[in-house]
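The values are calculated or read from the model by the stated rules, or taken from the named source; none is laboratory data. Remember, it's a predicted structure, so these values are computed and weren't measured experimentally. Note that we place each Cβ from the backbone using ideal geometry, even for glycine, and neighbour counts take in every protein chain shown. Only protein heavy atoms, including side chains, enter the accessible area calculation; ligands, DNA and RNA are left aside. Shrake-Rupley method; radii C 1.70, N 1.55, O 1.52, S 1.80 Å.
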Amino acid sequence: MPADKRVNTRGIEVGQIFYFGTKYSEPMKALVAGPDGVDVPIHGGSYGVGVSRLLGAIIEACHDEAGIKWPEAVAPFRVSILNLKQGDAAVDAACEKLYAELQAKGVDVLYDDTDQRAGAKFAAADLIGIPWQIMIGPKGLADGKVEIKRRSDGSRETMSPADAVARLVG
């Protein structure tokens, strides 16, 4: 192939094929009639997809400098709730209520109620890569609002908790 037509790209092996030949068919007497009518052992093999390799391929294909961007179909959780003021009674209650509502509707939720600063929670959420992040803090909550971030494109919206549930269910 001419050098100007070659393409260099990255790849990852997610599946494999193994040729066994007659290693197993001979001792098991797994025979078929050949073209001349004489019985011959079958040639065997196996193939498979490695689950851990597949996850590695998804991460390789779906990430940015901040971390993973899980596609929703394979994400370990669909939503991450970030409590931006752990210990604030109103924020804690709003987070727990939203967590319960989403779980009751069958949404897999990861709730970050650690005692870290907001910036550390944002960084951890991006690194983990859950498709949707809901940020709940005292300022937004005072206006009856939460912020939703879509990890795949970074877009953000402010809305009521009820609208957030409606957006994320389904």
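Of the residues examined, Asp163 is one that is farther than 30 Å from Arg10 by Cβ and open to solvent by 60 Å² or more (accessible area, probe 1.4 Å).
Look at segment 1-37 and say how many of its residues are more than 27 Å from Leu54 (Cβ to Cβ) and either open to solvent by less than 100 Å² (accessible area, probe 1.4 Å) or touching a residue at least 24 places away in the same chain (Cβ under 8 Å) (or both).
Counting residues in segment 1-37 that are more than 27 Å from Leu54 (Cβ to Cβ) and either open to solvent by less than 100 Å² (accessible area, probe 1.4 Å) or touching a residue at least 24 places away in the same chain (Cβ under 8 Å) (or both) gives 12.
List every residue pair whose Cβ atoms lie under 6 Å apart, where the two residues are 6 or more positions apart in sequence or sit on different chains, the first residue falls within segment 90-118 and is touching a residue at least 60 places away in the same chain (Cβ under 8 Å), and the second residue, located anywhere, is open to solvent by 30 Å² or more (accessible area, probe 1.4 Å). Final answer for the pair search is Ala94/Leu141; Leu98/Pro161; Lys105/Val169; Val107/Arg78.
Has segment 135-148 got any residue that is part of a strand (DSSP E or B), more than 16 Å from Lys85 (Cβ to Cβ) and touching a strand residue (DSSP E or B) at 6+ places or on another chain (Cβ under 7 Å)? Step through it out loud before you land on a result.
Initially, segment 135-148 is screened for residues part of a strand (DSSP E or B), giving 135-136, 146-148.
Next cut, more than 16 Å from Lys85 (Cβ to Cβ) only: 148.
Add one more test, that the residue is touching a strand residue (DSSP E or B) at 6+ places or on another chain (Cβ under 7 Å), and what stays is 148.
Yes, that holds for at least one residue.
For segment 1-115, the helices (runs of 4 or more DSSP H) that sit wholly inside it and include 3 or more residues that are among the β-branched types (Val, Ile, Thr) are 51-61.
Total residues in segment 52-86 satisfying the condition of being of a type in the set (S, T, N, Q) and over 25 Å from Lys105 (Cβ atoms): the figure is 1. When the residues of segment 104-113 are narrowed to those that are more than 18 Å from the chain's Cα centre (by Cα) and modelled with pLDDT of 95 or more, which ends up most open to solvent (accessible area, probe 1.4 Å)? Going through the qualifying residues, I end up with Lys105. Residues that are free of Cβ contacts under 8 Å to residues at least 40 places away in the same chain and either β-branched (Val, Ile, Thr) or open to solvent by less than 20 Å² (accessible area, probe 1.4 Å) (or both) within segment 126-148 comprise just one, Ile148.
Confirm whether Phe122 is open to solvent by 60 Å² or more (accessible area, probe 1.4 Å), aromatic (Phe, Trp, Tyr) and not in a helix (DSSP H, G or I). Give the steps one after another, and end with the answer.
Details: open to solvent by 60 Å² or more (accessible area, probe 1.4 Å): yes; aromatic (Phe, Trp, Tyr): yes; not in a helix (DSSP H, G or I): no.
Answer is no for this residue.
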